[in-house]
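*Asks:* The structure is given below, and queries will be raised subsequently.
The values are calculated or read from the model by the stated rules, or taken from the named source; none is laboratory data. None of these values were measured; they are calculated from a predicted model. FYI the Cβ positions are ideal-geometry reconstructions off the backbone, even for glycines, and counts take in every protein chain you see. Remember, those area values only see protein heavy atoms, side chains included, never the ligands or the DNA or RNA. Shrake-Rupley method; radii C 1.70, N 1.55, O 1.52, S 1.80 Å.
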Amino acid sequence: MSSRDDLRPRMTRDVSPAPLRRRATGTNNVCEECDQVSSSNSVNSYDTESETANTVDKKHPLDAEWKSGAEAVATVKQFAAAEGFALHVRSSGGSSRALSCTCVGCPVQIHLRKRQTDSTWHVTSNNLEHVNCTSCPKLSAALIANVAGFRDAITVQRDIGVKALVNLAQDLTGTYATSKVVRSAKQRVLDSMDENWEHGFQLIEPFLNGVKALNAGTIATVERNEQNQFQRLFVMLGQRVKAANAAIIHNMFGIDAAHMKHRKYNGQLLLFVSRDGANRNLVLACALVPSENKENYLWFLENIKQAAGINTRLNREENVIISDRDKGIAGALGEALEKVHQTKCFKHIMRNCRAAMAKKRAPQLGFHESVAWAACSAETEAEFEEKMTTIGAISPEAASFLRSTDPTCWALAFNSKNGHILNNVFTSNFVESENSKWKPRRFMAPLACTLDYLRAESTMQFERVGEAQAQEHAGKFIHANIMKLYDEQRRLARTGYTVRQNSEHTATVVSTQRGDVAPRERFVDLNTRSCSCLFWQQRGIPCRHAIVFAQRKQGYDWSADSASWYESAFWPVYRTSNVGSTYNFEPIHLPPMENLVLDGRTLPPPVVTQRGAPRKRRFRSAGEGQGGRAGKAKKARHCGICGSEAHNKRTCTQL
C-alpha cells in the first residue's frame, strides 16, 4: 500500500468504538517529549470489555453528533486526553477530518465526516487499538475550556485565579497544563459567557421597569448617551426607602466608589450605605456610572432625593455622611445635601499625610501615628491640643498638614461639641467592607451585577427578619450584637473605679487602675444619658462609668440588668423589635428574565481593552506604600557618607 493510501480514511461504517487496549498490558511507557509515564493500568484507562456490564446503557462519547467540525475535533481530542493519549489532525477537508495518534507508528485513528442531509458531524470509522504507544495527552485551551467542571468554576466565580484553575484542570483531566494554556482557556469560557453581551444591555431597562412595577416606591432608572450607548443606571428599592423614612436606622451614612472589574466594562460602582440597629451594613442605593466625578455623584444623590420622604429624612443637620477625600464627593454633597455634616475618613487623611511628608522629605510620624489617632478620638478640645502639640514636636510638617484639614471633619471633640453623632466611626471602613463584599459582582456585566444584588437583598431581608423575630421571642429586648458591646463595658466596670456622687442623678467616676498615673475623672449624668468620655452619647450604649454609677447608686430603682434600664439607657434603634422592623416590609419581587423583551435600542458602551495581562493588584492609595501590607510606608534611602536623604553616595559632594 502506498503512502498516499495511508492518508485515505477507511470508510467503514462501524460507528461503535473497538475494544480499548491502549498499551501493552502491565507496561509503562515514557513519552520522549514530556517525560510523563503512561501506564496501561492507569485509572484513566478505558477497557470496554471489562466494563461491558456497567456501560450497556451508557452512550459512548464517539457516538455523539456535533454541529461543527471544530466542535467535533475538540470533543474527540478531549475524549483522547481522558483516555491518556493525544490526537492530532492528520488531514482536513471541507466535509471530513482525520485524526491519528501523536505516537509515530501507532495505528490509532478516528475519522469524522459531515452529513449532507442535516450538516451534522459524526464518527464514520475508528481504530482505538494501541500498539507500542508512548503518546501523552497535551491539553490545549480549547480542550480545557470544554471541560464541564472547569466552565462551572468560572461561571460561579469569574475572578477565580489562574493558579487555582491550573490545579482544577489537573484534577479534572489528570494532566498538567501550563498557566498560559489555562489562562487562554479561561478567556475562551468568558468569551462564550459574553456571547449575548449586546442583548444584556437591551434587557436592563425592561428589567428595571419590572422591578419598579413589582416593588412600590422603588426608584430605578437607566440613561443612554447620544449614540444610545449605555451610560449609567441607578437602583433604590422601595423597601429601603421605607426603612430610611421610618427612622429605625443610624444617622450615620457612607458613600464611596469602586472599580468594576469586568473585562468589557470598566465603569464605577457607587454605594450609599447606612447601618441598622444591629450595627450591620444596609445598602440603601447603588449605581453604575462611567467615572468617579462630581457630575456622577450629584446625579446619584439627586436620584436618592427623588424617593418619597428621603430628602426630608436625609437633609438634616444631625445626619453625618463619611467618605474619603475625593473632591467630587465633597462638591456633590455640598449641593445636593447642604445641611448634612460631612466627615472625612481619618485613615485616608493619614495616608495623605504620609505621602505629603515623603514628597517634602519631612520626618514621618512612623510609630507615633498612634498619637494622631489619639487626637482624632480625644474627648475634649484641650486633650486634642495636647496631642497635636506632641505631634508638632515629632514632625512639625505633619502637625501642620493635620491642622490644614478642618478638624471638625475628623476630630471627635469638635463633632461632639457641635452635636454631631459619629457613632465612634472615624473611618469609612464600613463602606469599604461593602465594596469588598461586592467584589464578585464587580466582575459581572451591569445587568448580572444588578440582578445578583437584588437577589441577595431579597434573601438577606428574609433572613434578618427571621433572626430578629427569633431573638424577640426569646425575650431579648436589645439585639445580641449590641449586647456584646454592652457586656464588654460591664466587664470593664467590675473593678478599678470609685464613685463620688454629686446629686441624685450625677456623679464623678474616678479610674484607679492606672497605677502611678494621675487618676482620670469622668462626669456621669443619668438623666441626660451622658458621660464625659462621650461613649454613651456617641454609641447610644451605657459606658463603663455609667454602669458603675447605676449599680452603686443608693436608693435608685435602676440597675444594670433591669428592664427599665435597657429601655431608657439604650437608643431605641437597638431594640430587637426595631431591628426586625427595618426589614419587615413586603418581600422583594423580581420580574422573570424569560418574560423580558429587548428594548431594541440600548447599545453596549465602547470596550476599552488594555494591552498586556490584567493587573492582579489594585492601584494603591496615596501613602499606602508600594508593596507588602497596606499602610506600610516606603523605606527611606540615605546617603552612605553623610546620611542625607536628598541623594546617594554616588552624587555626594562631601567626598
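*Asks:* Checking Pro137 against (1) buried (at least 18 other Cβ atoms within 10 Å of the Cβ); (2) more than 26 Å from Ala82 (Cβ to Cβ); (3) in contact with a Gly (Cβ under 8 Å, 6 or more places away or on another chain), which test does it fail?
*Replies:* Here Pro137 meets the rest and fails (2).
*Asks:* Separate question: Can you tell me which of (1) more than 36 Å from the chain's Cα centre (by Cα); (2) within 21 Å of Asn319 (Cβ to Cβ) is the one Ala382 doesn't meet?
*Replies:* (2)
*Asks:* Let me ask something additional. Condition check: modelled with pLDDT of 90 or more and in contact with a Cys (Cβ under 8 Å, 6 or more places away or on another chain). Does Lys344 satisfy that?
*Replies:* It is true that Lys344 is modelled with pLDDT of 90 or more and in contact with a Cys (Cβ under 8 Å, 6 or more places away or on another chain).
*Asks:* Count, please, the residues in region 557-580 that happen to be modelled with pLDDT under 90 and not in a helix (DSSP H, G or I).
*Replies:* Residues flagged as modelled with pLDDT under 90 and not in a helix (DSSP H, G or I) within region 557-580 amount to 6.
A quick yes/no check of all residues on (1) crowded, with 16+ Cβ neighbours inside 10 Å; (2) modelled with pLDDT under 90:
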{"residue": "Gln364", "(1), (2)": "yes, yes"}
{"residue": "Phe367", "(1), (2)": "no, yes"}
{"residue": "Ala378", "(1), (2)": "yes, no"}
{"residue": "Thr389", "(1), (2)": "no, no"}
{"residue": "Ile394", "(1), (2)": "yes, no"}
{"residue": "Ala398", "(1), (2)": "yes, no"}
{"residue": "Leu402", "(1), (2)": "yes, no"}
{"residue": "Trp410", "(1), (2)": "yes, no"}
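*Asks:* While we're looking at this one, here's another question. Being over 28 Å from the mean Cα position of the chain (by Cα) and open to solvent by less than 10 Å² (accessible area, probe 1.4 Å) is the requirement here; does Ser119 meet it? Give the derivation first.
*Replies:* Numbers: over 28 Å from the mean Cα position of the chain (by Cα): yes; open to solvent by less than 10 Å² (accessible area, probe 1.4 Å): no.
Here the answer is no, as Ser119 does not meet what is asked.
*Asks:* Out of the residues in region 275-295 meeting the condition of being under 18 Å from the mean Cα position of the chain (by Cα) and of a type in the set (Gly, Ala, Ser), tell me which one is farthest from Gly238 (Cα to Cα).
*Replies:* Ala287
*Asks:* May I ask you to say which residue of Val89, Val104 is in a loop (DSSP other than H, G, I, E, B) and under 30 Å from Ser179 (Cα atoms)? Even if it seems obvious, please write down each step before you answer.
*Replies:* Values: Val89 fails: in a loop (DSSP other than H, G, I, E, B).
Matching residue, one of Val89, Val104: Val104.
*Asks:* Let me ask you something else. Could you list, in sequence order, the residues of region 412-429 that are part of a helix (DSSP H, G or I) and either of a type in the set (Asp, Glu) or open to solvent by 20 Å² or more (accessible area, probe 1.4 Å) (or both)? Break it down into steps so the answer makes sense when it comes.
*Replies:* Taking region 412-429 and keeping what is part of a helix (DSSP H, G or I), we get 412-417, 429.
Selection gives Phe414, Ser416, Lys417, Asn429.
*Asks:* Further question: Filter region 492-502 down to the residues that are open to solvent by 50 Å² or more (accessible area, probe 1.4 Å) and out of contact with any strand residue (DSSP E or B) (no Cβ under 8 Å at 6 or more places or on another chain), then identify the one that is modelled with the highest pLDDT.
*Replies:* Arg494
*Asks:* So, one more: For region 351-362, give me the residue count where each residue is surrounded by fewer than 21 Cβ atoms within 10 Å (Cβ to Cβ) and within 16 Å of Arg403 (Cβ to Cβ).
*Replies:* Kept after step one, since they are surrounded by fewer than 21 Cβ atoms within 10 Å (Cβ to Cβ), are these residues of region 351-362: 352, 355-362.
Subsequent filtering for residues that are within 16 Å of Arg403 (Cβ to Cβ) retains 352, 356-357, 360, 362.
Result for region 351-362: 5.
*Asks:* Would region 278-294 turn up any residue that is without any contact (Cβ under 8 Å) to a residue 60 or more places away in the chain and assigned to a helix (DSSP H, G or I)?
*Replies:* So far as region 278-294 goes, yes, one or more of its residues are without any contact (Cβ under 8 Å) to a residue 60 or more places away in the chain and assigned to a helix (DSSP H, G or I).
*Asks:* Can I ask one more? If you go through region 434-480, how many residues are open to solvent by 20 Å² or more (accessible area, probe 1.4 Å), assigned to a loop (DSSP other than H, G, I, E, B) and of a type outside the set (Gly, Ala, Ser)?
*Replies:* Matching residues across region 434-480 total 4.
*Asks:* Evaluate the following for Ala382: is it out of contact with any strand residue (DSSP E or B) (no Cβ under 7 Å at 6 or more places or on another chain), open to solvent by 40 Å² or more (accessible area, probe 1.4 Å), of a type in the set (A, V, I, L, M, F, W, C) and modelled with pLDDT of 90 or more?
*Replies:* Values: out of contact with any strand residue (DSSP E or B) (no Cβ under 7 Å at 6 or more places or on another chain): yes; open to solvent by 40 Å² or more (accessible area, probe 1.4 Å): yes; of a type in the set (A, V, I, L, M, F, W, C): yes; modelled with pLDDT of 90 or more: yes.
It is true that Ala382 is out of contact with any strand residue (DSSP E or B) (no Cβ under 7 Å at 6 or more places or on another chain), open to solvent by 40 Å² or more (accessible area, probe 1.4 Å), of a type in the set (A, V, I, L, M, F, W, C) and modelled with pLDDT of 90 or more.
*Asks:* Can I ask one more? Which numbered condition in (1) more than 30 Å from Thr221 (Cβ to Cβ); (2) loosely packed, with under 15 Cβ neighbours inside 10 Å is the only one that Gln489 fails?
*Replies:* Looking at each condition in turn, Gln489 falls short on (2).
*Asks:* Sticking with this structure for a sec: Looking at region 265-275, is at least one residue open to solvent by 50 Å² or more (accessible area, probe 1.4 Å), under 30 Å from Val608 (Cα atoms) and in contact with a Leu (Cβ under 9 Å, 6 or more places away or on another chain)?
*Replies:* So far as region 265-275 goes, no, none of its residues is open to solvent by 50 Å² or more (accessible area, probe 1.4 Å), under 30 Å from Val608 (Cα atoms) and in contact with a Leu (Cβ under 9 Å, 6 or more places away or on another chain).
*Asks:* To continue, here is another question. If we keep just the residues of region 140-185 that are open to solvent by 60 Å² or more (accessible area, probe 1.4 Å) and acidic (Asp, Glu), which is nearest to Trp438 (Cα to Cα)? It would help to see each step written out before you state the result.
*Replies:* Step one: of region 140-185, the residues open to solvent by 60 Å² or more (accessible area, probe 1.4 Å) are 146, 148, 151-152, 155-157, 163, 167, 170-172, 176, 178, 180, 183.
Pick out the ones that are also acidic (Asp, Glu) and you get 152, 171.
Numbers: Asp152: 20, Asp171: 29 Å.
Among those that are open to solvent by 60 Å² or more (accessible area, probe 1.4 Å) and acidic (Asp, Glu), it is Asp152.
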